[in-house]
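The values are calculated or read from the model by the stated rules, or taken from the named source; none is laboratory data. None of the values given here were measured: they were computed from a predicted structure. Here Cβ is always computed from backbone atoms with ideal geometry, including for glycine, and neighbour counts include all displayed protein chains.
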Amino acid sequence: MRKRLFVAVLAMVAMLIAGLAYADHHVGRKLDKSDMEMMKNGAMKNMDKYMGSPEGMKTLMPAMEKAQKGSVENGKKLFNDPKLGTNGQSCASCHPGGGTTGGTVKTPMASELTGKPYELPVPTLVGAAATFPKFKVPNDRVVTVQEMANNCIMMFMAAKGLPLDSQESKDLAAYLYSLSEGVPLEPGKVPEMMMKMMGGM
């Protein structure tokens, strides 16, 4: 029952994020005819499919679970796929064990100040997604799980990040969130390894 509730909550969060992303992209702009048509042909038809009848409501949870499971499975494949990068590295290269173990990794580029690469902590990804959104130094701003994944793809896998509205980006995020099942949400929490680097502040 708890697993089903977790899946349902994840699905609703994903829907909310998608809605917020769309709204953010269109801040201050009134809906036009094409927007209304998109809602009619997309959102409203889907709502009618599941919420328009008792029979439809009975199919909602199985459909949510199937979609969520498929997204997580696709995300796990991406996590282990070196084709996501251009240098033979995958997410699993720095996060072995499917992201369940940690370690350290050196930046592929040297610092302009020291002439040496930075050695960065690589915390376990178990529970990591539950600490986002959070401030990240490379971006100098608060980022999402999807944006953090793109940081790693660009910096350590020598490839362009995934478009945030792509299914691949959403699937990768779904897998990362699945590693936080049962973990309390703590947006902004700094990993213990990073705290030690900062002198235990």
* Verdict on Pro82 being surrounded by 13 or more Cβ atoms within 10 Å (Cβ to Cβ), more than 16 Å from the chain's Cα centre (by Cα) and either under 27 Å from Tyr177 (Cβ atoms) or in the same structural domain as Cys152 (by TED's automatic domain parsing) (or both) -> yes
* Asked: So is Met61 in a helix (DSSP H, G or I) and either of a type in the set (Ser, Thr, Tyr) or surrounded by 12 or more Cβ atoms within 10 Å (Cβ to Cβ) (or both) or not?
  -> yes
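Report yes if Gly19 is under 18 Å from Ala173 (Cα atoms), part of a helix (DSSP H, G or I), modelled with pLDDT under 90 and in contact with a helix residue (DSSP H, G or I) (Cβ under 8 Å, 6 or more places away or on another chain), otherwise no.
Details: under 18 Å from Ala173 (Cα atoms): yes; part of a helix (DSSP H, G or I): yes; modelled with pLDDT under 90: yes; in contact with a helix residue (DSSP H, G or I) (Cβ under 8 Å, 6 or more places away or on another chain): no.
Taking the combined requirement at face value, the residue does not satisfy it.
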* **Hits in the stretch 137-186 - residues which are outside any helix (DSSP H, G or I), of a type in the set (Gly, Ala, Ser) and under 23 Å from Lys69 (Cβ atoms)** => Ser166, Ser180, Gly182
